[in-house]
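Beneath this line is the structure, given in structure tokens, with notes to follow.
The values are calculated or read from the model by the stated rules, or taken from the named source; none is laboratory data. Predicted model, so just to flag it, every value in this text is computed and none were measured. Quick reminder, even Gly has a Cβ in these numbers, built from the backbone with ideal geometry, and neighbours come from all protein chains shown. Surface accessibility is based on the protein's heavy atoms, side chains included, excluding ligands, DNA and RNA. Shrake-Rupley method; radii C 1.70, N 1.55, O 1.52, S 1.80 Å.
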Amino acid sequence: MSPERELGRLLTGMRPELNPGRYVFATVTGAPPPGLAPVVTVAEDEGLTLVVRREEADTAGLAHDYVAGWITLRVHSALDAVGLTAAVTTALVDAGISCNVVAGHHHDHLFVPYERAEEAVTLLQELAGRAG
């Protein structure tokens, strides 16, 4: 399947899906502790940022202060597509929902406050409906 670039089709086809579980951002210097299965890693000057299930972080003794729900936009978005991130984050900003966006090769992933994750999915479904 070819990646989508056209904003209207990106929005109508995004099909936001809430992944089960609670996720946290933690930073380690050196190798991650054994037993972790990060869904995202980012190398920064301060260390390696890991996005992992909260239970894994707690078991490994990793400090964290933000508990997120993980939403995957199921549309296969092109990495050079323009406007999807802006449209999605604007809808969430208007509702006062913070959002951390990570782009994978096939999909965009949103990390929002866990307690508002279902609300965020509903808002994104409504955005998709308006775009169609």
Out of everything in the range 1-41 that is in contact with a Ser or Thr (Cβ under 7 Å, 6 or more places away or on another chain) and closer than 20 Å to Leu84 by Cβ, what residue ends up being most open to solvent (accessible area, probe 1.4 Å)?
Glu17
Can you name the number of the only condition in (1) under 17 Å from the mean Cα position of the chain (by Cα); (2) open to solvent by 30 Å² or more (accessible area, probe 1.4 Å); (3) free of Cβ contacts under 8 Å to residues at least 60 places away in the same chain that Val102 fails?
(3)
Taking into account only those residues within the range 61-76 that are assigned to a strand (DSSP E or B) and of a type outside the set (Phe, Trp, Tyr), which is surrounded by the fewest Cβ atoms within 10 Å (Cβ to Cβ)?
Val67
Suppose we keep only residues that are open to solvent by less than 30 Å² (accessible area, probe 1.4 Å) and either in a loop (DSSP other than H, G, I, E, B) or without any contact (Cβ under 8 Å) to a residue 60 or more places away in the chain (or both) within the range 82-94. Which one would you say is nearest to Tyr23 (Cα to Cα)?
Leu92
Note on Thr41: of the conditions (1) under 20 Å from the mean Cα position of the chain (by Cα); (2) more than 16 Å from Asn100 (Cβ to Cβ); (3) of a type in the set (Ser, Thr, Tyr), unmet is (2)
In the range 107-132, how many residues are modelled with pLDDT of 95 or more and part of a loop (DSSP other than H, G, I, E, B)?
1
Determine, yes or no, whether Asp58 is over 22 Å from Pro3 (Cβ atoms), part of a loop (DSSP other than H, G, I, E, B) and either out of contact with any Gly (no Cβ under 6 Å at 6 or more places or on another chain) or open to solvent by 20 Å² or more (accessible area, probe 1.4 Å) (or both).
no
Across the range 1-37, what is the total count of residues that are under 18 Å from Thr122 (Cα atoms) and without any contact (Cβ under 8 Å) to a residue 24 or more places away in the chain?
1
